[in-house]
Amino acid sequence: MTRARGVAMRRIHVGNALSAFGLGFTVPYLYVYVAQVRGLGAMTAGFVLAVFAVAALIVLPFAGRAIVRRGPLPVLLAALATAALGALSLGLASTATTVLLSAAALGAGQAVMQPALATMIVDCSTSDTRSRAFAMQFFLQNLGLGVGGLIGGHLVDTTSASSFTLLFAIEAAMFLLLVVVMATVRMPHSPRIADAPGRSGPARSSWKQLLGDRAMVQLCVVGFVLFFACYGQFESGLAAYGVEAAGISTSALGTALAANTAMIVVAQFAVLRFVERRRRSRVIAAVGLIWAVAWVAAGYAGLGHGSQEMATAAFVSTYALFGLGEAMLSPTVAPLVADLAPAGLAGQYNSAFALVKQLALAVGPAVGGPMGASLPGPYVVTFLVFSLGITYLAVRLGRQLTAAQDQPWSAKSRVVARGGATADHAQART
């Protein structure tokens, strides 16, 4: 079974990299493609970006139930086929209606991929290997997005619609290739944490059951603030603040985004050893403090009186600090969601958390964009407070978690110490 898990996990990681690579090809160029290349205007392009979020919010409440009933693999294959159809039709669309319908299909498929892949990782990992598996997933996603965006940028030509058609065709091909790869995965069953309270009895795929889980509800609140205060600001409020208040050039903004990705790629496995031996709630709390420092640096960049070079350096460091926090969260939050889920309901819990993420990513730009551009002082103070709020909420969350959920490594060590020779003999028999 261990070998089967390893084979399945490698294919899942290949799938994550391929899907991210395909998305990196097109996501940065959607606005230009719709507004300029197809000549449909800025309003239609804005609607296309909104359709992605709306489609995700519509399908995610049903995705969890489907994963629980059918399993993550069939749901993933259906999502990939839908996304491939959406990508290919988007590359051929020339009217506002066809563009919006294609974007809806692509957005819905992309949204369902996330909880399906996350549930597959849960089913192919144990509490010992789960943090490392999710860290690898996050690393490959960022690497795939970066490489895809870099190659896509060299292929696009704003004077040629056919170059964008090629781009979307490559994205569709990546999704179809992923269908072939994932169809060969043999899914094992995953053990669950043994001493989590209230986990006995038959599993019911019910939102009522999930909403009655106080620890999960608190984690969703923490997750909303995390995604709202950081991820929801990258390309909207923080970018607008940097350009308007800090006078950051577009090239410096690109450097800041590159610094974020570079920090994730470099720091991901460096921080993993530190993170996986610490209480998960304390790691999340530490991320809140790191992001608070990042917002202080952003405040200096736009509101300080230093030179333009110092402002640029402070702004780039803001994105780098955000990347450090992301690297700490990737092996922490997703495994915690999995360990909170009752047996058989990992798909429901993953979908619920993905829904919270999409809500935050929809609200974050809508709030942060106008504030960052026109109210720089209140903008920085507001999100500095939100970052400190992450720390407070994470400490409160820790009081709802068992030792096995908050620090599974130490909980296992205590069980082994109490079991003594009996535990050793049981392991030998296994």
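Figures for the structure shown
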quantity	calculated
MRE, 222 nm, helices only [DSSP H, n ≥ 4, -39500 (n - 2.57), over the chain, to nearest 500]	-27000 deg cm²/dmol
Order of exposure, largest accessible area first, which applies to VAL283, VAL381, VAL147 with probe 1.4 Å	VAL381, VAL147, VAL283
Region 1-149, Cα convex hull volume normalised per residue, Å³	103 Å³
Burial ranking of peptide ranges 354-360, 326-332, 55-61, 398-404 (average Cβ count within 10 Å, highest at the top)	326-332, 354-360, 55-61, 398-404
With all protein chains modelled, accessible area of LEU106 [1.4 Å, Å²]	0 Å²
Packing-based ranking, highest mean first, of 172-178, 344-350 given that Cβ atoms within 10 Å are counted	344-350, 172-178
Total formal charge among the other residues, if their Cβ is under 14 angstrom from that of VAL333, Lys/Arg +1 and Asp/Glu -1	+2
Equivalent ellipsoid dimensions for the chain as semi-axes, Å, which come from the Cα gyration tensor, largest first	35, 28, 19
Rg over Rh, two decimals, region 63-175 (C-alpha only, Kirkwood Rh)	1.05
Simple label model, 7 Å out from Cα along Cβ direction - ILE151 to LEU211, nm	4.5 nm
Listed peptides 131-141, 158-168, 12-22, 110-120 by packing density, highest first (mean Cβ within 10 Å)	110-120, 12-22, 131-141, 158-168
Accessible-area composition of the chain, carbon plus sulfur, in percent [1.4 Å probe]	67 percent
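The values are calculated or read from the model by the stated rules, or taken from the named source; none is laboratory data. No experiment lies behind these values; they were computed from the predicted model shown. Don't worry about glycine lacking a Cβ; one is built from the backbone with ideal geometry, like all the others, and counts go over all protein chains shown. The area values use the complete protein model at the heavy-atom level, side chains included, leaving out ligands, DNA and RNA. Shrake-Rupley method; radii C 1.70, N 1.55, O 1.52, S 1.80 Å.
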